[in-house]
Amino acid sequence: MKVNTRNEKVLGKTESLCPQCLAVIPAERVAVGDAVFLDKICPEHGNFRTILWRGQPLYQEWAVERQLTKPPVCATGVDRGCPFDCGLCPRHRQHTCCVLLEVTQRCNLSCPVCFAAADSEDSEPDIRRIEEWYRMLMASGGPYNIQLSGGEPTLREDLPEIIALGRSLGFSFFQLNTNGLRLAKDYQYVRRLKEAGLSCVFLQFDGTSDAVYKKIRGKTLLEEKMAAIACCAEHELGVVLVPTLVPGVNTEDIGSILEFALEMMPVVRGVHFQPVSYFGRYPREPLDADRITIPEVLAAIERQTGGKMKITDFRPPSAENAYCSFHGNYILMDDGVLKSWAKPTGGCCQPQVESGTKKAQNFVAKRWRTAKNGKNLSAAVEGIHSSDINTDSLDAFLDRADKYSLSVSGMAFQDAWNIDLERLQECFIHVVSLDSRIIPFCAYNLTDRQGRTLYRPSKR
C-alpha cells in the first residue's frame, strides 16, 4: 500500500476509461479517511477523480473471498483488450448468472434517468432472432436466469410467446423488467404472461410519493405502480421493487420503500436498490454529491428503518466483484418481529449458505418468484436460530418463511467516470447484443460524456 504526500493511501492500481474518449488509462484506488476515490489521468483529456465508497464498513474490510468460475465458452478472442473484446473473451473471469434480452427499444415513458435511452422507434428483434439468442445461450453454458428488458418489454404483444419459447428450450426462470404501466391496466395480458411461465416482475419503483416519480420519470405514477402490484398479486406473480436512488430526490425515501415492501408481502419478494449511474449524454462530469455509494445506502437503511434493518445484516457478494453489490435477507415473524438471517459468507441476492454464480442464480429463481411451498426451505433458513422459531411446528415456520421472507439488495453499476476494469471482468449480469454476443451489463450500457456507446444501439 503506497502513501502519497497528500495524506492519502493508494489501495491499489487498476485500469479505467477516459470519459471523453473511452481510451483505456491507468487508475488508482485512493483512500482519504473512510472515503475511496478512483483517480485516473488521460494524456489527452486530463485528470478525473470519482467517489467509489463513502463510510462504514470500510472499503478495505468489505471484500470477501469469492468463487470465480470462468465462462465455459468464449466467443471472442483477445485483440484490443477489455472492454473492447466482449463476447465473452477469455479474460472475463466470471460465469454468467443472469442474461438480459432487450426485446424492444420502444418505451411508453421518457424518463430523465434511463439505462436504455429508449425512444418510440419500432426496432426490435423478431421471435426467430430471439430463438437464436436462446440457443446461443444454451450453447454458451446455459440455462441462465432470463430478464426480459428493453425499452419497455410489455409493448410487445408476443411477449408471452417469447417466454413460452424460452421455456420450451430449457430456460426455467423469466423475470420481467418493467415500469408496470401495462400491468396496471391489462388484466388479460398479465394472465397470458403468467400462463406462459413468467416467474417474477422486476418493477421500477422509485418511491412512495408522486413527487419522486415526477422528478425521476417525468410524470406521476404511484397509482399505476399500486395497480400493477395488485394485478401481480391476483395472478400470483412475485414482485421485486427496483428503486433507482438519486441523491436529493428519493434517498430519504429508502425506509418508506422498505416499510411498503413489508406491508405488501407476500406478493413483494424483495427490494433491489440501484444507485444512479451516469449513462447517456453528460457533458458535465457528475459531482460526488450526485452519487450515493453502497455504505451510504446501508447507513440510510439502518437509520430510516429505525434499526429494524442494520448495516451488519448485509453482506458483500461472493460471486461477482465484492464492490458491485450487497444483500440481506429477512423473515417477518408472526408476532411482527423482523428477523435477519445472515451468515459470514454469501453471494449476490442469496442466503449465506450459498456461494458462487450457479447458486446465486438458483437462489434468485427460488426467492423472487411467488411463494409456493415452505417445506422446501429448510436449507435456506438454517441461519435462523431455533430459539427464534415461535411457531407450533417446523412446517408452519417454513411456510411463514416462504411467504414472509424479503430479500433486500442493491447493485452499483459503473459508468465512464467510475468504471474499474477489474470489476468489469468479474461481472455476471450480461446482455445479449443485437449481433448475438454476450456483453457485461456495464460495458453494454457504457457511454462517453457525449452519449456515444461501445455496444448498445445508439440513436446518434
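Please treat every number below as a calculation from the coordinates, not as lab data. All figures in this text were calculated on a predicted structure; none of them were measured in a lab. All Cβ positions, glycine included, derive from the backbone under ideal geometry; neighbour counts span all protein chains shown.
Neighbour counting of Cβ atoms within 10 Å sorts the residues 95, 430, 45, fewest neighbours leading, into 45, 95, 430.
How would you rank 156, 303, going from fewest to most other Cβ atoms within 10 Å of each one's own Cβ?
Details: 156 19, 303 14.
So the ranking, lowest neighbour count to highest, is 303, 156.
Pairs 185/225; 185/403; 339/403: which are spaced more than 19 Å apart, C-alpha to C-alpha? Those over the limit are 185/403.
Convert 4 °C to kelvin, take the viscosity as 1.567 mPa s, use the Kirkwood radius over C-alpha pairs of the stretch 1-62 as Rh, and evaluate the Stokes-Einstein diffusion coefficient in µm²/s, rounded to a whole number. Don't skip to the end; give the middle numbers.
Numbers: Rh = 12.2 Å.
It comes out at roughly 107 µm²/s.
When a footprinting reagent is the concern and you count Cβ atoms within 10 Å, what order do 267, 24, 408 take, fewest first? Numbers along the way, then the final one.
Details: 267 21, 24 16, 408 25.
So the ranking, lowest neighbour count to highest, is 24, 267, 408.
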